[in-house]
Each structure stands twice: as C-alpha cells, then as structure tokens.
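Novice: Here it is: the structure, laid out below.
Please treat every number below as a calculation from the coordinates, not as lab data. Every value quoted in this text rests on a predicted model; they were computed, and no experiment measured them. No Cβ is skipped: glycine too gets one built from the backbone with ideal geometry, and neighbour counts run over all protein chains shown.
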Amino acid sequence: MIELSRYIPFGHSIHNGSLIARLDPRTKLIGAVLLIVCLTVISSPLAFAVCLVFCFVLQQASRISLLYILRSLRPFALFLLITFIIEVLFYVPAPGTPQLWHWWILSISWEGIVLSIVTIVRVLFLYYLTTMLTLTTSLVDLTDGLEVLLSPLQKLGIPINAFIMILVIAFKFVPIFVEEIERLIKAQTARGMNFGEGNLVRRVLKLTALLIPLFVSGFKRVKTLSIAMEARCFGGRPGWQRSKLRQFVFTRNDLLAAALTIAACIAMTVTNFIPR
C-alpha cells in the first residue's frame, strides 16, 4: 500500500514556532530567489561548501528534522539516478579529452562525470531550499507575500491578483490530489489489486487505471470551487482586490535573515571565482 502523503510534503507547512517560520514571507521569498540564482551560477566545490554551511544554519534555525526532508526525496531518487546516467553517457567532451569508454554516440569521461555530479548536487540544493521554503511557510502566506512583491506590476495592467489566485488554487490542489490518489490506491488494494507486483511496465499500467476516477473527482472539485467563487462575487467588478487576514510587517529578525542571506550569496559568488 502506497502512502504518498508521507513522501510528498508539498503543501504541508510545519508551524513549530521556529525563527524561520516566524519570518515575513516576503523575506523568505526574496532570500529563496537570491539563493536559487546563486546556485544556478556557482560550480566550484568551495562555493558549494559555503552553501552547505548556510543550509546547516538554516536547518538549525528551522527546527525541522533533516530525515523528514531527505525522506521526501525518496520518490525522486530513481529520476535523479537516471538523469545522472544519461548525462554521463551522452556528454560530449572537448576534442582531445581522454575518455574512459566510448561506443557509437555513448561515452564516459571524467569531465562528464564531474559535470554530472555538479548538476545533481545543484539539483539537491535547489530541492532542499524549495522544500524548506514550503515547509516553513503556509501556501496562503507564500501567495500573499508574492502578491505584495508583484503588486507594482498591477499598475502596468498585469492582472496580478488573478494570477496569484490561480497559483493559490494550483498549490492547494497538489496535496488534495495526492490524498485522492492515496485513497484510490487503498480502495483498489482492498479489492485485491497489488500495485507492488510485476515489473515497471506492469506497475505503470496499474497506476493508469487511477487516472479516470482521479480526473472525475478533480472536475467535481473544480465545479464546486467555481460555484463558491461566483457566489462570493470573485472578480465581479473592475479594480477588485482580495482582503487580507493580516498585514505583513518587517521585523529585526527579517533584516538579520536578509543580511545573512545576502552575505551567503556574496560568499558563494566570490568563492566560485577563486582559482582552483
């Protein structure tokens, strides 16, 4: 029996009263964007070591178990392994670079192995940061903070409010669909179907039998949601705007967290260009 909700924490925030959880969502969003940009640029081991130190500090401040975050990586482990193998085999080294093995269009070289490892490490850091962001911040706070940050675009005629509402609905439906798939799997298991038997192809074919009831349930939820939004006159007049339960205020902890994040980004960028 598959319990997807144990391994997919997206949409389930943890309110443990930690320092990270109490930060303004705008601070966390800006910090996450800065760190993601830095991670897409850096490639040296020293820069990744600086990022690892920052993640260790972030882990201690969040008071969330590291095993819980690593356990959520389990469904993507096979995908990362396949990605690593494909990158190594199809990497085209520079002319004159020694190769460990070569056949037709496939080859293995130390350069390809190192670059593939760097890619996987970068993906793991990106996954950790995005997971930490969603675990320490509720989806409502994330979308409200994003709406405040993008509000200047509203003056240019871009419907930010509607766009943010679409994001809220999409994010909210992720855990709902996960729970729905888990319910369908348990129902089919109770009828005698074993999703763990057979090879990979047979398992995938068994899961495809869940798509029709999943889509039917999804369309029913969408219809109910649309009726509820129309009953509340959502977007019924020009210049409409959603009301907020609380107003965001920057505190001293937000300034400290922002300064620490900027310092970490600068350190990663500087160490990335240090000659090896």
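Novice: Please work out the Kirkwood hydrodynamic radius for the chain, using every pair of different C-alpha atoms, and report it in angstroms with one decimal place.
Specialist: Working: mean 1/r = 0.0449 Å⁻¹.
One over the average 1/r among Cα pairs gives 22.3 Å for the chain.
Novice: What is the count of Lys pairs in the chain whose alpha carbons sit under 27 Å apart, if the two are 8 or more places apart or on different chains?
Specialist: Number of lysine pairs found: 14.
Novice: Sticking with this one: Go from 0 up to the bin containing the longest alpha carbon distance in the stretch 28-122, width 5 Å each, and give me the % of pairs per bin.
Specialist: 2, 11, 16, 17, 20, 14, 9, 6, 4, 1, 0
Novice: So how do 120-130, 214-224 stack up, highest first, on mean other-Cβ count within 10 Å?
Specialist: Details: 120-130: 16.6, 214-224: 11.9.
Averaged packing, sorted descending, gives the order 120-130, 214-224.
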